[in-house]
Amino acid sequence: MVFSFHVYRKSAPNGKVSVYVGRRDYTDHLTHVDPINGMVWLDRDYVRERRVFAQVVMTYRYGREEDEVMGLTFAKELVIASAQVYPPAPAPAPLTSLQVRLQKKLGTNAFPFHLEMPKNAPASVTLQPGKDETGRPCGVHWELRVYVGDSTEEQPHRRSCVRLLIRRLQYAPAKQGRQPVASCAKEFLLSPGKLHLQVTLDRQIYYHEEGVGISVGVTNNSNKQVKRVKVTVVQLCDVSLGPSGQIRNSVASIETQEGCPIVPGATLTKTFSLKPKLEYNRDKRGVAIEGRLKSEETCLASSTLFTSLDQRQQFGIVVSYVARVKLILGTLGGELVAEVPFTLMNPPTEEGLTAGGRVAHREQDLEESTRLVIEECRRMSMSDQFDTQKSVESQKSVDSLDASPGSVFGPLTEPTAKPNGAVGKEEKAKKKE
């Protein structure tokens, strides 16, 4: 049986260093994180006595890039993991089946690397910029960096550095938790009785694109009237690094007068279904969304999971969701509000699927008949991912570069670069003809 295994490749601008990885999405399982295994092809004549390093870099941007002046930056760049690729370590880690297959195809100029991300680190998340904002968006971004240098403290040169965006994702637990319930009451000055409100969700964990079932129960034992009921799904973003604060955004809401007014002594029981989706909130600044690798469609950011509340400060941006029910009694009566937290995430991955959704065969299934399908990753800045207002012509050019169909490589050849002056000679020959 012949399998097809997807491989991503990205080369440095000078073509002397190339990186090959099997995937770009890595899952945080809370107990452990998927390791990053890949291969680096390099030109030994170019590297010579220098070294080649592979690093996992996390960039946390908490301010607008356009506001950076006089050397002031609103971003923190942390090297999370680092390893020396060339010269290879005397006792290298055991190779995976993909690395073995790549090493056979790439030859003696290919060297493996293995990187481990820590458990207590934030997932990829981006705060949606405003319409008039330019530059890189705020959020947490991950990238794999491979460069040629003399030490890990050296600033890598752009021409000999490969920077590949990757994502760190979390998925919903397999088991549901307790059913969320919240109740509250309101007393009125110089008025007897209370107004009771109870909010119940049908379950604790919801998946993206699903409706959130919210049951509202109102018992009016006061002499006031409830005129309207407003139900909202609110996204909360706690910024725990840099300038601390909280961003609240309504991602789905409904306001109704059905069953109202709720007169004294009356009750109301009603169920609402709200579907929080990104397509309804594309114009809202500060909405947290999942990290992107290209210009593909994404969704609202998943709820942040951590094993201990003490780790909350380490996660940069903590995303959570609440269902908010507000009873509006008028100008003099005020309002009564109840909030119920819940979890909104991607569904748990099935056994045998990777975080990106591709089939991940076990190592013993990767036989010699495995086909390696390569996809070339073009060089693109993070700000390009969120430029959705491009013209049709520029969008076509992006698609032609970014959506390469990939090629099945049998006898894979090493990357080659044209010698200096080769391009100029070809142009002169054409002009003479």
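Taken together, the values in this text are just the output of simple stated rules run on the coordinates, not laboratory data. Just so it is clear, the structure is predicted and the values come from calculations on it, not from any experiment. No Cβ is skipped: glycine too gets one built from the backbone with ideal geometry, and neighbour counts run over all protein chains shown.
Contact order for segment 161-212, expressed relative to its length and based on alpha carbon pairs under 8 Å spaced 6+ residues apart, stands at 34 percent. Phi angles across segment 250-266 convert, under the Karplus curve 6.51 cos²θ - 1.76 cosθ + 1.60 with θ = phi - 60°, into 3J(HN,Hα) values of 7, 9, 6, 7, 8, 10, 9, 10, 5, x, 10, x, 8, 6, x, x, 9 Hz, Gly and Pro given as x. Take the Cα of Q84, step 7 Å toward its Cβ, do the same at T298, and the gap between the two points is 3.6 nm. Only Cα pairs under 8 Å and 6+ residues apart enter the sum, and on that basis the relative contact order of segment 59-161 stands at 32 percent.
Segment 175-233 and segment 1-62 have Cα centres separated by 49 Å.
Compared with the alpha-carbon gap, the fully stretched path from A75 to V100 is longer by 5.2 nm at 0.36 nm per residue. Provide, as a two-decimal number, the C-alpha radius of gyration of segment 6-54 over 2.2 N^0.38 Å, N being how many residues it has. So the Cα radius of gyration is 1.44 times the expected 2.2 N^0.38 Å.
The mean sequence distance of close C-alpha pairs (under 8 Å, at least 6 residues apart), as a share of the length of segment 208-350, puts its relative contact order at 32 percent.
Legend: residue pairs K76/K119; K131/K227; K76/K104, Cα-Cα distance threshold 29 Å; pairs beyond threshold, K131/K227; K76/K104. Summing charges over neighbours of P87, with a neighbour being any other residue whose Cβ is under 12 Å away from its Cβ, gives +3 when K and R count +1 and D and E count -1. Around the amide H of G211, modelled in the peptide plane, lies no amide H under 5 Å away from a residue 5 or more places distant or on another chain.
Given R0 = 30 Å, the distance between the Cβ atoms of E376 and E279 translates into a calculated FRET efficiency of 0.50. Using 0.36 nm per residue and subtracting the Cα-Cα separation, the extra length available between K270 and K194 on full extension is 25.4 nm.
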